[in-house]
C-alpha cells in the first residue's frame, strides 16, 4: 500500500518513465517497468517515485509537456509483453522483418528513440486490436470501462480518430463542421470512424489496466506532474473551445532569465466565464490525476494564481486577474479543488513568484520546492546558503529539477564565491577540510555530503533526481532547446538489471542508512 504523503517524512527519487526501460521493453521505460524500479527503491528505503507527465505526446514530439491530451496515457508506454492479444497474435515474431530489426536497434540504443519506437509499437498495437476484434471474451469489460470513463474518453477518442483521418494536422485546419466541434459533425465522425475510435478506446483500456496493476504492485507512492496549460492542438481545447482564449497566449514577463519575457504559444484559460467552466474542467483534470497518482506536482503553480496573457494582436500584456486580492482568491480556489480529489499536491513554485503566493501556499498547506542551489539568504549582505535543517517541514527538498543541470555539472561550473558559501555550511565543513574549495572536484565524498544534508533537511518531503544520487552528469533536458538529445536519456542498464549493479547496491544501502538516521 502506498504511503500517505501528507503525513510524516518521506523520501524518493525523480526519474522519467521513459528513462527506465527493462530488457523486455521496447527501448523505452514502460508501465510494467514501474514496479521493477520500485522494488529497488524500497530496498533503498525510499517510499515514492516521481515521474514526468505521461499524457500522449503530439506526433513527432519527445517532450512530455507537448501533449495532445491532458487525460489520456501515451500508448508509447504500453508494455506489449503484457497485452494478451498481441501475444496471441504471435508476439514479436508476428511483426514484419523491418519492425523486428528496428526493435533490436532501439533496445540496444543508448538513448530513447521516440519516433522509431512509436512506429513499431503502432504496428504491434494494430495487430493486438485486430486479434481483439475477431472475438475476445474481454470485450464486455472494455465496453463497461468505456462507459465508466466516457467523461474524458469520448472527446479524446473522437479527437484522436479525426486527427489520424486528417493526416495528424492540427484541428484548426479541419473542415468547419468538425473544427467547430459541431454536434452533427462529431456524430457523423463517430459513425464514419467507429473502428478507429474503438482502437483508441482499446489502447487506453490496455494502458489503464496496466497502470492500475503497476500502481498496486509498486508499493511506493507514485507522484505525477500536472502541466499548467495544454497545447492548442489538443483534444481538450478542441472539445472545450469556450474555455480558452484562442486570440492570446500564455507566457511569463521579463525576469532575470529573459530580458524580453517568454511567449509559450499556449491558449489562455477564460477565467472570467460566467459558468465557471474552467473550474469544472480543472476539477476533471484533478479527478483523472487521482486515478493515476498518489500525488502530483503542479507545474508553473504561479500561473493558477495569475496568468500572464499575451494578446496576439500586439495589445497590452497583462496579468489575469489583474489585482492581488483576486489572484490570491483564484489560486486558493484552484488549490482547493485540486485537493478535494484526494492526491497530495506539490507546488512547482520556482522562478519569479510573488511573496503573497508563497504565503498563500503555506496558509492552505501546499508544499513548495526548496532547490538547494537556489536556497540562499538573498536579502543578507553575504547571501549565504540556508542550512537545509532549517527548511520548513511544509516543503520539498531537492538538489535539482528536470530543467536544471545535474549537481555534478552545477558544482563544476559554480563560481568560486558560490563554492565558498556552500563550504561554509556547518555540515559540509568537514568534507572540505584544508582543501582549496575553488579546486575541489565533485568527489563521491562531496556528492554524498550534499545528499545527506538534504536527507537531514527539515522538509517533510525529499525528492532527489536519480542522476544526483549516482553523481551522473547526464541531463534530462535543456529548456527552450530542440535537438535529438532532449528527453532521450535512459538508465545505463536495463532496470531489471539494477540489482546486479555494484554501484546501485551501494547507493541503495547508503540511501537506506541515511533515511533511517534522519527518520524518513
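What follows draws every value from the coordinates through simple rules; no lab data is involved. All figures in this text were calculated on a predicted structure; none of them were measured in a lab. Note: ideal-geometry Cβ built from the backbone for every residue, glycine included; neighbour counts use all protein chains shown.
Summary table
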{"read-out": "Alpha carbon convex hull of region 375-444, volume per residue in cubic angstrom", "value": "120"}
{"read-out": "Estimated inter-spin distance, residue 192 and residue 340, nm [label 7 Å along Cα→Cβ]", "value": "4.0"}
{"read-out": "Considering only region 174-300, percent of DSSP beta bridges that pair antiparallel, nearest 5", "value": "60"}
{"read-out": "Between 0 and 90°, nearest 10: helix 114-133 axis offset from the chain longest Cα axis", "value": "40"}
{"read-out": "Debye equation applied to the C-alpha atoms of region 212-279, log10 I(q)/I(0) at 0.15, 0.18, 0.19 Å⁻¹", "value": "-0.68, -0.80, -0.83"}
{"read-out": "Segment residue 109-residue 362, length gained on full extension (0.36 nm per residue, minus Cα span)", "value": "86.6 nm"}
{"read-out": "Pairs of Cα atoms farther than 23 Å apart, region 195-326, %", "value": "45"}
{"read-out": "Highest average packing first - 223-231, 187-195, Cβ atoms within 10 Å", "value": "223-231, 187-195"}
{"read-out": "Pairwise FRET efficiency - residue 130 versus residue 272, Cβ, R0 = 56 Å, nearest 0.05", "value": "0.70"}
{"read-out": "Under 16 Å from the residue 482 label point (7 Å along Cα→beta-carbon), backbone N, region 144-174", "value": "169-170"}
{"read-out": "Projected area averaged over orientations for the chain, convex hull of C-alpha atoms, nm²", "value": "25.3"}
{"read-out": "Share of pairwise Cα separations in region 126-190, more than 13 Å, in percent", "value": "70"}
{"read-out": "Inter-probe distance in nm under a simple model that places probes 7 Å from Cα toward Cβ, at residue 259 and residue 324", "value": "3.0"}
{"read-out": "Theoretical FRET efficiency, 1/(1+(r/R0)^6), r = Cβ-Cβ of residue 151 and residue 439, R0 51 Å, to 0.05", "value": "0.25"}
{"read-out": "Highest to lowest packing among 109-118, 5-14, scored as the average C-beta count within 10 Å", "value": "5-14, 109-118"}
{"read-out": "Extension gain from residue 241 to residue 1, taking 0.36 nm per residue of separation minus the Cα-Cα distance", "value": "82.4 nm"}
{"read-out": "Antiparallel bridge percentage (DSSP; both residues within the chain; nearest 5)", "value": "40"}
{"read-out": "Where N is the number of residues in region 33-147, Cα Rg divided by 2.2 N^0.38 Å", "value": "1.22"}
{"read-out": "Ratio of Rg to Rh over region 454-520 (Cα coordinates, Kirkwood Rh, two decimals)", "value": "1.05"}
{"read-out": "Stokes-Einstein translational diffusion, region 332-379 - Kirkwood Rh over all Cα pairs, 1.567 mPa s, 4 °C, in µm²/s", "value": "108"}
{"read-out": "Cα coordinate range in region 4-82, projected on the principal axes (Å, largest first)", "value": "41, 29, 18"}
{"read-out": "q = 0.19 Å⁻¹: log10 I(q)/I(0) that the Debye formula gives for region 271-345, counting C-alpha atoms only", "value": "-0.84"}
{"read-out": "Taking the C-alpha atoms of region 126-282, convex hull volume expressed per residue in Å³", "value": "183"}
{"read-out": "Rounded Å value of the spacing that divides the Cα centres of region 205-273 and region 70-107", "value": "28"}
{"read-out": "Helical mean residue ellipticity (222 nm; -39500 (n - 2.57) per DSSP H run of 4+; nearest 500) of the chain", "value": "-12500 deg cm²/dmol"}
{"read-out": "0 to 90° range, to nearest 10: angle between helix 139-148 axis and the chain longest Cα axis", "value": "60"}
{"read-out": "Estimated FRET transfer efficiency (residue 424, residue 122; beta-carbon r; R0 56 Å; 0.05)", "value": "0.50"}
{"read-out": "Helix 97-108 vs. the chain, principal-axis angle (Cα, 0 to 90°, nearest 10)", "value": "10"}
